[in-house]
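See structure below.
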Amino acid sequence: MYDRLWAPHGLVRYGVAPDHPEVKNCTHKFDAAATDPRFKFFGNVNIASSSEPSPIPHSFNIALSKLLPHYTHLLLASGCTIPNPHPLIPYSSYVIPALSLVHWYTDHPAAAGSPPPPLHKTKHVTVIGNGNVALDVARMLLSTPERLGRYDVPAHVLDVLARSQVRHVSVVGRRGPTQAAFTAKELREMMNLEGTSFVPLDPSMIQQAEEGPKLERQQKRILDLLKKGSAQKPGETEKSWDLSFFRSPVGIQLATDGDNSDYPVTLNLAHTTLSPTNSAVPTGIHSEQPTSLVVTALGHHADPNTPWYDPSTGHVRNEAGQVLDSNGKIVKRVYTSGWAGIGARGVLATTMMNAYSVGDRILSETYPEAFNSDITESASDGIAVLPTEVNVDAVPAEIEKAVQEGKITTYEDWRAIDAEEVRRGQETGKERERLSWDEVNNFLHKSSA
Amino acid sequence: MSFSRTALSSFSTAARQRTSQNALRYREFARRGYSYVASRDSVVSRTQNPTIAVGMWLNGRSRQLHSSSIREHGQVTRPAPGTGITVHFKDSKGNLLKTIQGNEGDDILSLAHEYDIDLEGACEGSVACSTCHVIISPNHYDLLPEPEDDENDMLDMAFGLTDTSRLGCQVRLTKELDGMTCTLPSATRNMFVDGKKPTHH
């Protein structure tokens, strides 16, 4: 397993919100699987198929072509790492992708050199998007260090939150409550967030949703939560948040006093309604929203440099996990799973189910006798990029050398760092305290790259 | 324990069939056994197959080396024969997988793991995922206490949700649930091997 990050576990460590620690219990299974003597982990390895610089400054870089001769099978599980930008609201110092905040509060190596969000001079935040990432970010921005102190939140993040001036978060979506992608759990957490009140929705909006087409169970429960609102009402709490449904951002400009104002930018919002096919259509009405910071949470796509990337879908071209080239031909023994294969959607169970099904596919195609399957390699017509026989115990020479030089982390390294992060966390009564790459090197007594 | 193509092709037909069955069992076992400590009883029942015994020995060795990193979820003990509460586990097509016995207070997820039923529990019973979703027989479902908000929030996202669905980790046995059926939901993991089940010899 090659990971661009020096720590394993991907989004479980770098995506799951810190105040959802139970979700991270699945790492016990990962740790158990890693005890298999046939498993090798190489962290901090950026596998490039182009000359694009690595987003991780300290990563060990190797071309995919250098690795392919050493393996009979290849699985791409590199996720969807690029946030979808808003077509009309370009990034700037006032407009950032939600991913940058998630990287900040999960101590992602790509964020190591970046300045934190300027929350000390941010009063009002507008989050564009109606998924769980939008609510996660809203919840983190409205949280106090006291609430988050015991979780896996880095000390530097708690420092920024301690000086935060954020008083209101507005979550903007271009459609309505019935189309919102966030789940009841996250909505409930926002309604119960201490010290924060929800601006009640216009009752007619909820009524319309209830009288509309038949609702799924989850949608009904979400409408109930929206109706109920928060226990405290705006005015009773220092902080508040709202859901601005049926608002589509169409432009942004600097406010006349610019930086001196509490609300240095103004978002232009087109009011929308639903078409008969449930898409958002403008009504012609516009309004303006003064704000201090805009955060876009509009989903993700895979890195276009990912091998066999399909621009029309935003992830690796495949058919049920079997990778296809741009002519639709099977790339023999090359597979993809997780978000790299299905796009950035679903919860942990979704990705787990997909991983199992692709794993089963790999096994049944490699050992058809064991599965009484008809699918054999010779039966498929495709292109070959991998050898059929390798020395299974050999590690590519460049990788071996980089491991010895301390540029690549192994799973044993991870276990040691894992224990050290937990130990450091215990000193301040928290789940763990993250180590930086420099600290990792010092701790492992290896020279830094 | 490798099943390389070269190794398989050198076996006799009979040996190859046995190896195929073991390959399947090993696959199931490997996915199950690494995460959850088997009870003494299940260890004894599995050692009748020497291939599995070797696998278990390897697994046990690695557990000794790394036992601190493997957490156990709700270990259960098996009741004396005839004294327990009967639960039938069925697959998504309604075929009986296993009829097991549990004690009062045992939760369905722990029981499934004890008896090697293919029920996932990614968050280890903390109501943070939907992977232990089961469908309860309707008359027994009605006897269960209502799910809390947090369980309902997770059920919202479960595959193949039904009117009698629950999270296995939240269903605890009582005497009145004797004879309950828990059916695994219809989201297939084995998208490519479904319909190509091996014949058992």
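The values are calculated or read from the model by the stated rules, or taken from the named source; none is laboratory data. All figures in this text were calculated on a predicted structure; none of them were measured in a lab. Note: ideal-geometry Cβ built from the backbone for every residue, glycine included; neighbour counts use all protein chains shown. Note: areas computed on protein heavy atoms with side chains; ligands, DNA, RNA excluded. Shrake-Rupley method; radii C 1.70, N 1.55, O 1.52, S 1.80 Å.
Once backbone amide H atoms are built at 1.01 Å from N, A:I252 has A:N268 as its partners under 5 Å, excluding neighbours fewer than 5 places away on the same chain.
Each pair of Cα atoms in the stretch A:16-73 enters the Kirkwood radius, and Stokes-Einstein at 25 °C and 0.890 mPa s then converts it into a translational diffusion coefficient of 170 µm²/s.
Pairs of Cα atoms nearer than 8 Å and 6+ residues apart set the relative contact order; for chain A it is 20 percent.
Of the residues A:T388, A:T351, A:T306, ranked by 1.4 Å probe accessible area with the largest first, the sequence reads A:T388, A:T351, A:T306. Taking 25 °C and 0.890 mPa s as conditions, the stretch A:230-298 diffuses translationally at an estimated 173 µm²/s according to Stokes-Einstein applied to its Kirkwood radius (Cα pairs).
Hydrodynamic estimate: the Kirkwood radius of the stretch A:325-412 over Cα pairs, inserted into Stokes-Einstein at 20 °C and 1.002 mPa s, corresponds to D of 133 µm²/s.
Annotation: for a label point projected 7 angstrom from Cα along Cα→Cβ of A:E22, no residues of the stretch A:202-234 have a backbone N closer than 16 Å. Dipole of the stretch B:107-193 computed with +1 at Lys/Arg Cβ and -1 at Asp/Glu Cβ about the Cα centre; of B:L119, B:C132, B:L143, farthest Cα towards the positive end is B:L119. Distant-in-sequence amide contacts of A:N61, defined by a placed amide H-H separation under 5 Å and a gap of 5 or more residues or a different chain, comprise A:N46. For the stretch B:66-185, the calculated P(r), taken from all Cα-Cα distances in 5 Å bins from zero up to the bin holding the longest distance, is 2, 12, 23, 25, 21, 11, 4, 2, 0 percent. Counting only residues at least eight positions apart within a chain, or on another chain, the lysines with an alpha carbon under 20 Å from that of A:K227 are A:K185, A:K214, A:K239.
Within the listed set A:L274, A:L119, A:L135, the Gaussian network model of chain A (springs between alpha-carbon atoms below 10 Å) gives the highest mean-square fluctuation for A:L274. The share of alpha-carbon pairs in the stretch A:255-386 lying farther apart than 18 Å comes to 70%.
For chain A, which longest stretch is free of loop sites, where a loop site is one of the trypsin sites (Lys or Arg not before Pro) that DSSP puts outside H, G, I, E and B and that has at most 15 other Cβ atoms within 10 Å? Free of exposed loop sites, the longest segment is A:215-328. Put simply, the amide H of A:S244, placed in the peptide plane, has neighbours under 5 Å in A:V171, A:V172, A:G173, leaving out anything fewer than 5 places away on its chain. Charge dipole of the stretch A:107-247 (Cα centre as origin; +1 on each Lys and Arg Cβ, -1 on each Asp and Glu Cβ, all else neutral): 240 debye, rounded to the nearest 20. Karplus-based coupling profile of the stretch A:130-143, in residue order and whole Hz: 10, x, 5, 5, 4, 6, 4, 5, 4, 5, 5, 5, 9, 8, with θ = phi - 60° in 6.51 cos²θ - 1.76 cosθ + 1.60 and x standing for Gly or Pro.
When only C-alpha pairs under 8 Å and at least 6 residues apart count, what is the relative contact order of the stretch A:1-155, in percent? Relative contact order, the stretch A:1-155: 26 percent.
Based on every Cα atom in the stretch A:102-247, Rg and the maximum pairwise Cα distance Dmax equal 16.0, 51 Å. Which residue, A:G251, A:A280, A:I222, has the largest displacement toward the positive end of the dipole of the stretch A:208-287 when charges sit on each Cβ (Lys, Arg +1; Asp, Glu -1)? The Cα lying farthest towards the positive end belongs to A:I222. If R0 equals 51 Å, the separation of the Cβ atoms of B:Q75 and A:E398 corresponds to a calculated FRET efficiency of about 0.70.
Between A:S287 and A:T428, the simple spin-label model (points 7 angstrom out along Cα→Cβ) gives 4.0 nm. The calculated FRET efficiency for B:D163 paired with A:L254, based on their beta-carbon distance and R0 = 60 Å, is about 0.65.
Magnitude of the charge dipole for chain A, about its Cα centre and with charges confined to Cβ atoms of Lys, Arg (+1) and Asp, Glu (-1), is about 880 debye.
For the stretch B:111-176, the direction-averaged projected area of the alpha-carbon convex hull comes to 4.5 nm². If R0 is taken as 41 Å, the Cβ-Cβ distance between A:N442 and B:T86 corresponds to a FRET efficiency of 0.10.
Sequentially through the stretch A:411-425, phi angles give Karplus couplings (6.51, -1.76, 1.60; θ = phi - 60°) of 5, 5, 4, 4, 4, 5, 5, 3, 4, 5, 4, 5, 4, 5, x Hz, Gly and Pro residues having no value and appearing as x.
Heavy-atom accessible surface of B:D106, to the nearest 10 Å², is about 20 Å², with a 1.4 Å probe and all protein chains retained.
Relative contact order of the stretch B:106-166: 32 percent, from C-alpha pairs under 8 Å at least 6 residues apart in sequence. With the Kirkwood sum run over all distinct C-alpha pairs, the stretch A:1-113 has a hydrodynamic radius of 16.3 Å.
Convex hull volume per residue, computed on the Cα atoms of the stretch A:176-247, equals 84 Å³. Two decimals is fine: what is log10 I(q)/I(0) at q = 0.20 Å⁻¹ for the stretch A:280-329, from a Debye sum with one equal scatterer on every Cα and no solvent? Each listed q maps to, in turn, -0.76. The rule of thumb for compact globular proteins, 2.2 N^0.38 Å, goes into the C-alpha radius of gyration of the stretch A:53-99 1.73 times. Extending 7 Å from the Cα toward the beta-carbon at both A:V12 and A:A181 defines two label points whose distance is 2.3 nm. Each of A:V390 and B:D150 was given a label point 7 Å from its Cα along the Cα-to-Cβ line. The distance between the two points is 4.3 nm. Per-residue Karplus couplings for the stretch A:218-227, computed as 6.51 cos²θ - 1.76 cosθ + 1.60 with θ equal to phi - 60°, are listed in order as 5, 5, 4, 5, 5, 4, 4, 5, 5, 5 Hz, Gly and Pro entered as x. Scaling against 2.2 N^0.38 Å puts the C-alpha radius of gyration of chain A at 1.06.
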